[in-house]
1. When the dipole is taken about the Cα centre of region 47-162, and only Lys, Arg (+1) and Asp, Glu (-1) are charged at their Cβ, what size is it in debye, to the nearest 20?
2. Under 8 Å for C-alpha pairs, at least 6 residues apart: give me the relative contact order for the chain, rounded to a whole percent.
3. Quick one: among 182, 31, 16, which has the greatest mean-square fluctuation in a GNM of the chain with alpha-carbon springs under 10 angstrom?
4. Could you tell me which residue out of 33, 19, 9 lies farthest along the dipole of region 4-94 toward its positive end? Charges go on the beta carbon: Lys and Arg +1, Asp and Glu -1, centred on the Cα centre.
5. Rolling a 1.4 Å sphere over the protein heavy atoms, what is the accessible area per residue of the chain, to the nearest Å²?
6. Residue farthest toward the positive end of the dipole of region 100-183, with Cβ of Lys/Arg at +1 and Asp/Glu at -1: which of 135, 116, 174?
7. For a paramagnetic label modelled at 7 Å from the Cα of residue 79 toward its Cβ, which residues of region 178-212 fall within the zone defined by backbone nitrogen distances under 12 Å?
8. Could you work out the Rg to Rh ratio of region 46-126, with Rh taken as the Kirkwood radius (inverse of the mean 1/r over all Cα pairs)?
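The values are calculated or read from the model by the stated rules, or taken from the named source; none is laboratory data. Computed from a prediction, not measured in an experiment: that's the story for all the values here. Positions of Cβ are backbone-derived with ideal geometry, glycine not excepted, and every protein chain shown enters the neighbour counts. To get the accessible areas, we keep the full protein, side chains included, count just its heavy atoms, and leave off ligands, DNA and RNA. Shrake-Rupley method; radii C 1.70, N 1.55, O 1.52, S 1.80 Å.
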Amino acid sequence: MNEHISSAYDRDLEAITTLIMKMGGLVEEAILQAANSLTNRDVELADRVREADKNIDALEVQINEEAARTIALRAPVSKDLRSILTVLRLAASLERIGDYAKNIAKRTSVLVEMSPVNGSDSALRRMAREVEQMLKDTLDAYMRGDAELAEDVRQRDQEVDQMYNALFREFLTFMMEDPRNITACMHLHFMAKNIERMGDLTTNMAEQVIYLVTGEMPDEARPKSDKTAFVTDPS
C-alpha cells in the first residue's frame with residue numbers, strides 16, 4: 001500500500017512539475033517579448049504580452065488546484081511535503097513576474113508616442129535578458145536538484161541591481177538636462193524597477209530550490225546593490 005501511494009505521489013508531482021516548467025517557459029517568453037516590444041516600438045507585440053498573461057494566471061490556478069488535491073489524497077510528509085510547498089511558492093513567484101512583464105508592455109503602449117531616450121531601450125532589454133537567463137537557470141536548477149546553480153543565480157541578483165542603479169542615475173540626468181524627458185524617464189524608470197523586482201522574485205525562487213534540495217534556507221543574506229531611494233510604482 002505504501003509503495004502504491006508513493007508511486008501515485010510521484011506521478012502527481014511529475015505532472016505538477018510539468019505545469020511549472022510550462023508556466024516558466026511562458027514567463028521567460030513574456031520577459032523577452034516585453035523588452036523587445038519596447039526596443040522595437042511594437043505595440044502589437046506589447047498587446048500580445050498583455051493578453052498572454054491570462055495563460056500564466058490560468059496555469060498558477062491549475063498548479064494550486066493540483067497541489068491541493070495531491071496534499072489531500074497523498075498526505076505527503078517530510079521532503080515530499082517540501083516538494084509540494086516549493087511548487088506552490090515557485091508558481092506564485094512566476095505569476096508575479098508575469099505581472100511585471102505585463103506592466104512593462106502596458107507602458108510600452110504609452111512610450112511609443114514619445115521620443116526614445118538615449119539608448120535606454122537597449123539598456124532595459126539587456127537587463128531583462130539577464131533576468132530571463134537567471135530565471136531559466138533557476139528552473140534548470142529546480143529540475144536537476146542543483147543547489148549550486150541556484151546559489152549562482154542568487155549571487156547574480158547583485159548584477160541586476162547594479163544595472164538598475166546605473167539606469168536610475170541616467171534617468172535622473174536626462175530629466176535634469178531637459179524637463180521634456182521627465183514623463184518618458186518616469187515610465188522607463190518604472191520599467192527598470194519592474195525588471196529589478198523580477199530579479200528579486202527569481203532570486204526568491206532560487207532560494208526555494210536550495211531549500212528543497214538541502215532542507216535549509218541560505219544562511220547568509222543575499223548581496224544587494226539597490227541603494228536608490230526613488231518613488232516607485234505601486235504596481
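1. Numbers: 19 positive and 23 negative charges, 46 e Å.
Taking the Cα centre of region 47-162 as origin, the dipole is about 220 debye.
2. Numbers: 276 pairs, mean separation 58.3, N = 235.
Computed over the chain, the figure is 25 percent.
3. In the Gaussian network model the winner is 182.
4. 9
5. Solvent-accessible surface per residue comes out at 48 Å².
6. Of the candidates, 116 comes out farthest on the positive side.
7. 212
8. 1.21
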